[in-house]
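S.K.: Below you'll find the structure I mean.
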Amino acid sequence: MRGYRGILIFCCLLIWLSGSATVIGAQSGGSLYFAETGHWVRGEFLNYYQSTSDPLLLLGYPITDELIDPINGQKTQYFQRARLDLEYEEGEDPVIRRAPLGRLIYEEGSPPASVPINSFACKHFPKTGKDVCYAFLQFYSANNGPDAFGEPISDLEYQDGRYVQYFEYARMEWRPDSTGGQRVALTDLGRIYFDTRMGNPQALQPD
């Protein structure tokens with residue numbers, strides 16, 4: 001009876017492990033496969049991904065393998081919420097940089113949100129002259145904002161029924177009806193930009 005119970009526990013553990021493996025996928029020799037989207041992350045891109053504090057939150061799943069951009073010839077890889085570029089500098093090792101998708105996508109003209117600026121609940125960014133407040137500031141601070149999002153480039157705005165704010169690398173959304181407990185979320189700018197760039201490359205200028 002005791003042996004049967006042990007076998008049962010072992011089988012349950014195997015089932016749990018096989019289920020959890022789909023979150024990251026199979027790993028092999030410096031490569032990581034994501035079953036959710038059917039793409040690999042390799043080499044320097046993988047090193048950057050794994051060094052990110054919460055890659056699924058901040059970058060999301062890969063939506064391409066690494067590729068050569070048809071416009072600028074750069075080696076790059078798209079994720080749900082980001083694009084990573086492999087850049088070479090003379091005399092230096094290649095480095096991965098996050099593309100400024102917020103700047104590339106943002107268009108002025110949306111009405112600003114009528115939210116009062118509270119010096120105790122907001123932070124002013126002199127470089128861009130913008131403020132980040134309340135839950136957006138909490139999210140920014142909790143996720144290494146300067147590296148993950150960059151500087152704010154817009155005020156809090158109201159777009160398509162949501163409060164949003166653009167940053168150099170990202171866009172935050174306020175989702176009051178979120179069931180996951182996290183009412184601040186990141187827009188899938190990587191997918192938006194990829195669909196636009198690859199669907200109509202002439203519509204976008206080189207970065």
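Computed from the coordinates by the stated procedures, all read-outs in this text should not be read as laboratory data. Note that this is a predicted model, so its numbers are computed, not measured. As a convention, Cβ positions derive from the backbone with ideal geometry for all residues, glycine included, and neighbour counts pool all protein chains shown.
S.K.: Please turn the phi angles of region 102-119 into ³J(HN,Hα) values with the Karplus equation 6.51 cos²θ - 1.76 cosθ + 1.60 (θ = phi - 60°), one per residue in order, whole Hz, x for glycine and proline.
M.R.: Result, ordered by residue: x, 5, 6, 9, 5, 10, 6, x, 6, x, x, 7, 7, 10, x, 7, 10, 4 Hz.
S.K.: Related question: Quick one: if the Förster radius is 35 Å, what FRET efficiency do Ser178 and Gln74 give, using the C-beta to C-beta distance and rounding to 0.05?
M.R.: My answer for the efficiency is 0.50.
S.K.: What is the local net charge at Ile96, summed over the other residues whose Cβ is closer than 14 Å to its Cβ (Lys, Arg +1; Asp, Glu -1)?
M.R.: Net charge around Ile96: -3.
S.K.: Right, next: Whose amide H sits under 5 Å from the amide H of Ile63, counting only residues 5 or more places off or on another chain, with H placed in the peptide plane?
M.R.: The answer is Tyr78, Phe79, Gln80.
S.K.: Would you please put 71-78, 115-122 in order of how densely packed they are, using the mean number of other Cβ atoms within 10 angstrom per residue and starting with the highest?
M.R.: 71-78, 115-122
S.K.: How many nm separate the modelled label positions at Phe120 and Asn47, each set 7 Å beyond the Cα in the direction of the Cβ?
M.R.: Output for this residue pair reads 4.6 nm.
S.K.: Something else now. Just to be sure I understand the model, the point goes 7 Å from the Cα along the line to the Cβ. What's the resulting Leu57 to Ile105 distance in nm?
M.R.: 1.9
S.K.: Students often check this: by mean Cβ neighbours within 10 Å, which of 87-95, 148-156, 51-59 ranks highest, and how do the rest follow?
M.R.: So the order, starting with the most tightly packed, is 148-156, 51-59, 87-95.
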